[in-house]
């Protein structure tokens with residue numbers, strides 16, 4: 001009888017994708033590395049180059065699903081284990097999460113999910129002793145896991161406790177539940193088109209949103225989609241596309257975009273006819289901004305500078321500040337944000353936002369318009385920032401946004417006339433085609 005050939009663990013189909021997923025999860029949860037930097041660019045995981053397109057897509061979906069549903073998965077695993085998840089072997093923790101996510105939330109056969117997670121821990125020196133535990137727990141998960149999810153409002157578990165408490169205090173429990181539910185789904189791709197939104201919606205198998213963005217559920221590399229190479233559109237959440245439209249007619253006006261990279265809003269301003277000066281403090285981000293504008297065949301003056309310290313003799317017709325922030329409004333697209341940010345980050349960011357606003361006032365012509373926005377759901381970075389500016393700068397007054405300026409979406413307008421979008425806004429029968437990033441925007445004028 002011919003002996004069977006030993007197959008090393010690395011050759012088992014699908015194991016490489018799961019091993020890289022485990023590495024990236026460890027990077028986010030234990031080393032506090034951003035997900036995007038591990039997936040793309042110079043600091044990306046070197047193993048990504050070895051994966052097929054199919055395995056790369058599986059790996060990305062695995063990581064995103066786990067980060068999106070981390071609280072729920074942790075709840076289930078804790079109920080299935082007498083002593084909790086092992087803390088001395090990160091690979092055992094990752095293997096349990098990867099196995100449970102596939103069993104409960106992905107279309108992967110239970111036996112394959114269990115087997116590959118066991119192989120993951122067997123290949124790790126510190127985690128190998130937990131192979132039997134991982135096998136037993138995941139088999140129990142296949143039998144008993146779903147009822148453990150059904151017994152709780154699981155999406156609320158998927159928010160860090162500090163953030164959940166803040167949102168309940170700010171928005172109420174019912175709205176927070178709706179937001180958490182919206183965050184549990186992978187969002188569709190939104191793009192801003194140069195022209196012919198209906199035509200591009202057809203070509204991209206999507207639909208035109210009331211605000212003018214095109215939303216498509218197409219999956220795969222963005223660079224392979226029709227119109228990308230030709231520069232006919234750029235990726236931009238529908239909520240992120242609203243602030244630049246609050247200037248009104250921009251033809252021939254001078255606009256400074258003070259925190260411009262990666263350039264979506266700069267592109268909107270240029271496309272609308274403005275003469276744009278785009279600043280960012282990071283040389284690498286300005287390089288990316290230039291590359292994006294070049295692909296779109298759009299031109300702007302680009303400057304590497306800290307906007308709070310930038311000196312110029314020019315006064316502008318308009319200033320756009322898309323300020324650095326805690327980015328809690330982007331969790332639906334960047335689920336790692338929930339686990340990388342801390343409540344203590346907000347104070348320092350609010351102080352920076354205050355300096356940016358004060359600087360913008362000095363750069364604005366009398367009669368000029370200031371649009372301030374953040375992709376944060378925290379009031380310190382939105383409503384409170386603008387209230388502080390208005391109380392300290394008598395030359396500035398608010399210009400309320402009216403529903404007809406935002407396609408009749410009155411639900412996104414605050415009582416003061418500012419914009420406040422929530423992940424639960426713009427609901428859809430298919431939840432993957434609904435929702436918006438959480439954004440705040442205010443429009444002010446210098447009298």
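Only residues that are assigned to a helix (DSSP H, G or I), touching a strand residue (DSSP E or B) at 6+ places or on another chain (Cβ under 9 Å) and without any contact (Cβ under 8 Å) to a residue 60 or more places away in the chain: list them for the range 312-358, please.
Within the range 312-358, 349, 353, 357 qualify.
Of the residues 148, 133, 116, which single one is over 17 Å from residue 80 (Cα atoms) and either in a helix (DSSP H, G or I) or modelled with pLDDT of 95 or more (or both)? First the steps, then the outcome.
Working: 148 fails: over 17 Å from residue 80 (Cα atoms); 133 fails: over 17 Å from residue 80 (Cα atoms).
After ruling out the rest, the residue left standing is 116.
In a helix (DSSP H, G or I), crowded, with 23+ Cβ neighbours inside 10 Å, in contact with a helix residue (DSSP H, G or I) (Cβ under 6 Å, 6 or more places away or on another chain) and modelled with pLDDT under 95, is that true of residue 92? Let's see the steps before the verdict.
On the way: in a helix (DSSP H, G or I): yes; crowded, with 23+ Cβ neighbours inside 10 Å: yes; in contact with a helix residue (DSSP H, G or I) (Cβ under 6 Å, 6 or more places away or on another chain): yes; modelled with pLDDT under 95: yes.
Considered against the rule, which asks whether it is in a helix (DSSP H, G or I), crowded, with 23+ Cβ neighbours inside 10 Å, in contact with a helix residue (DSSP H, G or I) (Cβ under 6 Å, 6 or more places away or on another chain) and modelled with pLDDT under 95, residue 92 comes out as yes.
Are any residues in the range 108-118 within 12 Å of residue 14 (Cβ to Cβ), surrounded by fewer than 20 Cβ atoms within 10 Å (Cβ to Cβ) and touching a helix residue (DSSP H, G or I) at 6+ places or on another chain (Cβ under 7 Å), and if so, which ones? Walk me through it before giving the result.
Let us first name the residues in the range 108-118 that are within 12 Å of residue 14 (Cβ to Cβ), namely 108-109, 112-113, 115-117.
From what is left, the residues that are surrounded by fewer than 20 Cβ atoms within 10 Å (Cβ to Cβ) are 108-109, 112, 115.
Within the range 108-118, 108 is the sole residue that qualifies.
Look at the range 268-301 and say how many of its residues are part of a strand (DSSP E or B) and surrounded by fewer than 21 Cβ atoms within 10 Å (Cβ to Cβ).
Summing the residues that are part of a strand (DSSP E or B) and surrounded by fewer than 21 Cβ atoms within 10 Å (Cβ to Cβ) in the range 268-301 gives 2.
State which residue is farthest from residue 137 (Cα to Cα) when the search covers only the range 52-80 and only residues that are surrounded by fewer than 22 Cβ atoms within 10 Å (Cβ to Cβ) and touching a helix residue (DSSP H, G or I) at 6+ places or on another chain (Cβ under 6 Å).
So the first thing to find is which residues in the range 52-80 are surrounded by fewer than 22 Cβ atoms within 10 Å (Cβ to Cβ), and the list is 52-58, 60-61, 64, 71, 74-75, 78-80.
Pick out the ones that are also touching a helix residue (DSSP H, G or I) at 6+ places or on another chain (Cβ under 6 Å) and you get 55, 58, 71, 75, 79-80.
Working: 55: 25, 58: 23, 71: 17, 75: 13, 79: 10, 80: 6 Å.
Taking the candidates together, the pick is 55.
Sort out which residues of the range 95-107 are buried (at least 17 other Cβ atoms within 10 Å of the Cβ) and closer than 19 Å to residue 57 by Cα, and write them in order of number.
So the first thing to find is which residues in the range 95-107 are buried (at least 17 other Cβ atoms within 10 Å of the Cβ), and the list is 95-105.
Once the filter is applied, which keeps residues that are buried (at least 17 other Cβ atoms within 10 Å of the Cβ) and closer than 19 Å to residue 57 by Cα, the range 95-107 yields 95, 97, 98, 99, 100, 101, 102, 103, 104, 105.
Scan the range 417-434 for residues that are under 20 Å from residue 322 (Cβ atoms) and part of a loop (DSSP other than H, G, I, E, B) and report the count. Step through it out loud before you land on a result.
Residues of the range 417-434 that are under 20 Å from residue 322 (Cβ atoms), as a first pass: 417-423, 425.
Still in the running and part of a loop (DSSP other than H, G, I, E, B): 417-418, 422-423, 425.
Total meeting the criteria: 5.
Of the residues that make up the range 296-305, is at least one in contact with a strand residue (DSSP E or B) (Cβ under 7 Å, 6 or more places away or on another chain) and within 18 Å of residue 372 (Cβ to Cβ)?
Checking the range 296-305: not a single residue is in contact with a strand residue (DSSP E or B) (Cβ under 7 Å, 6 or more places away or on another chain) and within 18 Å of residue 372 (Cβ to Cβ).
Looking at (1) exposed (fewer than 14 other Cβ atoms within 10 Å of the Cβ); (2) modelled with pLDDT of 95 or more; (3) outside any loop (DSSP other than H, G, I, E, B); (4) over 23 Å from the mean Cα position of the chain (by Cα), find the lone condition where residue 170 falls short.
(4)
Filter the range 407-424 down to the residues that are touching a residue at least 60 places away in the same chain (Cβ under 8 Å) and over 28 Å from residue 359 (Cα atoms) and list them by number.
Correct list: 407, 408, 409, 422, 423, 424.
Name the single residue that is surrounded by the most Cβ atoms within 10 Å (Cβ to Cβ) among those in the range 398-416 being part of a loop (DSSP other than H, G, I, E, B) and touching a helix residue (DSSP H, G or I) at 6+ places or on another chain (Cβ under 8 Å).
Applying the filter and picking the extreme gives 401.
One line per residue, one yes/no per condition, for (1) surrounded by fewer than 16 Cβ atoms within 10 Å (Cβ to Cβ); (2) in a helix (DSSP H, G or I); (3) without any contact (Cβ under 8 Å) to a residue 24 or more places away in the chain:
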site	(1), (2), (3)
211	no, no, no
218	yes, no, no
231	no, no, no
237	no, no, no
240	no, no, no
244	no, yes, no
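I'd like to know if the range 376-385 contains one or more residues that are buried (at least 17 other Cβ atoms within 10 Å of the Cβ) and over 24 Å from residue 170 (Cβ atoms). Steps first, answer last, please.
Filtering the range 376-385 down to residues buried (at least 17 other Cβ atoms within 10 Å of the Cβ) leaves 376-383, 385.
So of that shortlist, the ones also over 24 Å from residue 170 (Cβ atoms) come out as none.
There is no residue in the range 376-385 that is buried (at least 17 other Cβ atoms within 10 Å of the Cβ) and over 24 Å from residue 170 (Cβ atoms).
The values are calculated or read from the model by the stated rules, or taken from the named source; none is laboratory data. In this text the structure is predicted, and so the values were computed from the model without any measurement. When we count neighbours, we look across all protein chains shown, and the Cβ atoms used for this are built from the backbone with ideal geometry, even at glycine.
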